[in-house]
Structure formats: C-alpha cells, structure tokens
Amino acid sequence: MHKKLFIPGPTEVLEDVLEKLTTPQIGHRTKEFSELFSSVVSKLKKLLFTENNVILSTSSGSGLMEAAVRNFIKRKALSTHCGAFSERWGKIAQSNGKEIDTIQVDWGKHIPTEEIDKALATGKYDTLLYTHNETSTGVMNPISEVTEIMKKYPEVVWCVDAVSSMCGYMFKVDELGVDFILASSQKSFALPSGFAIATVSEKAIERAKTVENRGFYFDIMVFLKYIDRNQTPTTPAIPHLFALNYQLDKILAEGMENRQNRLQQMAEYTRNWVRKYFALFAESGYESLTLTAITNTRGISVADLNKELANVGKMISNGYGKLKEKSFRIAHMGDLTLDDIKELLNDIEKILGL
C-alpha cells in the first residue's frame, strides 16, 4: 500500500505529475530541450517575481548550498544557525575551506534580525547564509525584516535557503533583494526528489567572477554560459524538467497567493490541533507555513504511531536528529489539502485514543 506522505520531504506527488516523468527522453543538446528549458525558466521567473537568472541543477538542495559557498564567499561569511539544516550550511562552507562566523540560537528559536545587523556592521563579512524555513524545527525566519537591513550592506551577497518554503511561501525575489535563493523539488514544489532550483542576481554573478576555485559541477559562471543557449552544463534529469514544466502550469493556474493561503489554512488547523493535544516546538510568532514541529509532551512512541498510520496508508515524520522521539513533524505543503490534514489528524486521534 502506498503511504500518503505528510513528511517535510519528499512530499506527496500527484498521479498526473508522476505520469509526466515517463515522457519519452529527448537529447539535452536539442532544440526540443532548449524549448523545454526556456519554458521552465520563464514560469519560474513568474512564480518568484524575478528577472534574475534561474539555475536548474540535477542535485539536492544541499548541492546548491555548496554552490553558494564556492561561488560567493571570498573573504568570510556570516552563517545563521537555528537548526540542523542551517547548521549544515555552515559545515558545507567549512568543508570547502571557507571562513565563517555564526549566529547560533537554540533549536526552535528564530534568528534575530538585529543580530545580523550588528554582525554585518563590523564589515568582516562579504556573504550572508540565511535559512528562511528551518525544516528540522518548524521555524520560519522573518525574511522581510532582513531585506531592510541588507540595504545598508550592498557589498554583502545574501544567500537564502528556501528549500522547504519556496513555492509555498510567496517570494517576491526582486523586491526582497535576495542575491541567491535555492530550493529542492521534493518539498513545496510537490515533485520527486533529485532536482534543485535557484535564482542568482547580477551582484552575485559579479562576485563569482572574482572568486577562485569555484569547482566544476556547481560553477555558476559555467551555468550562465549554458543558460544563454537554454541548456545546462551537464546532462540534467530531463524527466524532472518535463514534470516541473507541467507542475508549474498547475501552480501558476492556482496562483501563488491562493497557494499560500491554502497552506496557511492547513498550518493554522494543524497548530490549533497541536495546542489542544501537545505543544508547538517553534517559537510563537515564527511558526512555519509549510510544516509543523510538535513537542512530544505526551511521551508517545512516534515510531509506533507511524507504524499504525502505515496501516491506514499515511506517514508523518519523527523529530530530526537530536529531536527524534522528543518531537515529530507534520508537513502541510505542496498539493495537500485541508481535508487531507483533517483526515490525518483524525487518524492520529483514533490511534492515540485522544
């Protein structure tokens, strides 16, 4: 039996989208591919309200996190840590020989914008690594606040991890002033895993030109050469592009404002349920739009709960890393509906005897 996924990635993929993965292959240096590439890029620019270049990468989102550190950090980066995945970005930077300082908060807390301002004011940093939605804790950081302070630091390249929020949260990239923003296919895009998307500003491109040892696979300057031909530097996951092109039509038809509102309804319903039976893990006022992290105040076995949910064809996520069994997570992203969430929570109530 297929288990409907209420985990924060990979998320549930609709049958009609899955069918597009079986589209017969085409050569990646053909006119047909260039037309497909151009179509995807054009739709992504509409979705993200941007005129910036779009990077399409056959990799996980972590691959584009590596691209950011290799292409944009010249002297030193400020890395903002509020959970497992924001901490990973800092580790990726260090493993590539880059120098970083960190702003570290307890898991479940948000990154204080004033701390970023204070650190950047020292003039020590040329890059900011900022996680918008921390998947491990269910915290959504206040990105619009950062926009205001980044205007004071035009020399700093601002990189944003939107892996679990892009295509759920309505990003107006050019208005925000983000230089590099990345996401993965298997989260709010509701596509299979294995593909990643980013946009890159002219400022970031100019920085990349001055950075040595950008690597091979993730060299932004090489991506840009091929973008001019509506192609990718290396053979891409063409099935993903067929599915992405189709899915983007559906997303744009729904409208990003409507999509965000649908996710907001699911998020609020889930949070209200959590307040009734458990406790929210994320700091009040900074709860994620796309997933809810739940403190396991009842001391239930999350693993056992998932075994029981499997019997009714559903799956949620245990806590991540050090939060395993201490918390659990329910995603409300992609193409899930409020009825899906209501059914899931009703099943959990029955299983736990709530």
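Here's the yes/no breakdown for (1) hydrophobic (A, V, I, L, M, F, W, C); (2) under 13 Å from the mean Cα position of the chain (by Cα):
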{"residue": "Met140", "(1), (2)": "yes, yes"}
{"residue": "Tyr153", "(1), (2)": "no, no"}
{"residue": "Val163", "(1), (2)": "yes, yes"}
{"residue": "Tyr169", "(1), (2)": "no, yes"}
Task: strands (runs of 3 or more DSSP E) contained in the stretch 1-105 and holding at least 1 residues surrounded by 15 or more Cβ atoms within 10 Å (Cβ to Cβ) and of a type in the set (Lys, Arg) - done: none
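If you take the residues in the stretch 131-154 that are among the β-branched types (Val, Ile, Thr) and in contact with a helix residue (DSSP H, G or I) (Cβ under 7 Å, 6 or more places away or on another chain), which one is farthest from Tyr169 (Cα to Cα)?
Of everything passing the filter in the stretch 131-154, Ile149 is farthest from Tyr169 (Cα to Cα).
Condition test on Ala267, is it outside any loop (DSSP other than H, G, I, E, B), not basic (Lys, Arg) and not assigned by TED's automatic domain parsing to the domain that holds Ser184? Don't jump to the end; show me each part of the working.
On the way: outside any loop (DSSP other than H, G, I, E, B): yes; not basic (Lys, Arg): yes; not assigned by TED's automatic domain parsing to the domain that holds Ser184: yes.
Yes: the conditions hold for Ala267.
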- [ ] Filter the stretch 202-229 down to the residues that are in contact (Cβ under 8 Å) with a residue 40 or more places away in the chain and under 16 Å from Glu51 (Cα atoms), then identify the one that is surrounded by the fewest Cβ atoms within 10 Å (Cβ to Cβ).
- [x] Glu202
- [ ] Can you run down the residue pairs with Cβ atoms below 9 Å, 6 or more apart or on separate chains, where the first is in the stretch 117-136 and in the same structural domain as Tyr153 (by TED's automatic domain parsing) and outside any helix (DSSP H, G or I) and the partner is surrounded by fewer than 24 Cβ atoms within 10 Å (Cβ to Cβ) and of a type in the set (Ser, Thr, Tyr)?
- [x] Ala121/Tyr153; Gly123/Tyr153; Tyr125/Tyr153; Leu128/Tyr153; His132/Tyr169; Asn133/Tyr169; Thr135/Tyr320; Ser136/Tyr320
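For residues that are acidic (Asp, Glu) and either touching a His at 6+ places or on another chain (Cβ under 6 Å) or in a loop (DSSP other than H, G, I, E, B) (or both), tally how many sit in the stretch 292-335. Quick ask: steps written out before the conclusion?
The initial filter retains those residues of the stretch 292-335 that are acidic (Asp, Glu), namely 304, 308, 325, 335.
In the following step, the residues that additionally are either touching a His at 6+ places or on another chain (Cβ under 6 Å) or in a loop (DSSP other than H, G, I, E, B) (or both) were identified as 325, 335.
The qualifying residues number 2.
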Open item on the list: Exactly one of these conditions fails for His110: (1) at positive phi; (2) within 18 Å of the chain's Cα centre (by Cα). Give me its number.
Closed with: (1)
Open item on the list: Cβ-Cβ distance below 7 Å, separation of 6 or more or different chains: which pairs start in the stretch 66-79 with a residue that is under 19 Å from Ala121 (Cα atoms) and end on one that is part of a helix (DSSP H, G or I) and of a type in the set (Ser, Thr, Tyr)?
Closed with: Lys74/Thr210
Open item on the list: Of the conditions (1) part of a helix (DSSP H, G or I); (2) under 30 Å from Tyr286 (Cβ atoms), Gln186 satisfies every one except a single condition; which number is it?
Closed with: (1)
- [ ] Give the residue that is surrounded by the fewest Cβ atoms within 10 Å (Cβ to Cβ), with candidates limited to residues of the stretch 137-155 that are touching a residue at least 60 places away in the same chain (Cβ under 8 Å) and either of a type outside the set (A, V, I, L, M) or more than 17 Å from Val105 (Cα to Cα) (or both).
- [x] Pro142
TODO: Run down Ile92, Ile149, Ile143 and say which single residue is under 30 Å from Ala190 (Cβ atoms), out of contact with any strand residue (DSSP E or B) (no Cβ under 8 Å at 6 or more places or on another chain) and in the same structural domain as Ile181 (by TED's automatic domain parsing).
DONE: Ile92
Open item on the list: If I ask for residues that are of a type in the set (A, V, I, L, M) and more than 18 Å from the chain's Cα centre (by Cα), which ones from the stretch 63-92 would you list?
Closed with: Ile73, Ala77, Leu78
TODO: Please verify whether the stretch 240-257 includes one or more residues that are under 25 Å from Gly63 (Cβ atoms), outside any helix (DSSP H, G or I) and small (Gly, Ala, Ser).
DONE: no
Task: Checklist (1) touching a residue at least 40 places away in the same chain (Cβ under 8 Å); (2) over 30 Å from Ile205 (Cα atoms); (3) touching a Ser or Thr at 6+ places or on another chain (Cβ under 9 Å) applied to Phe278, failing item - done: (1)
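The values are calculated or read from the model by the stated rules, or taken from the named source; none is laboratory data. Everything quoted here is computed from the prediction, not taken from an experiment. Heads up, the Cβs are rebuilt from the backbone with ideal geometry, glycines too, and the neighbour counts pull from every protein chain shown.
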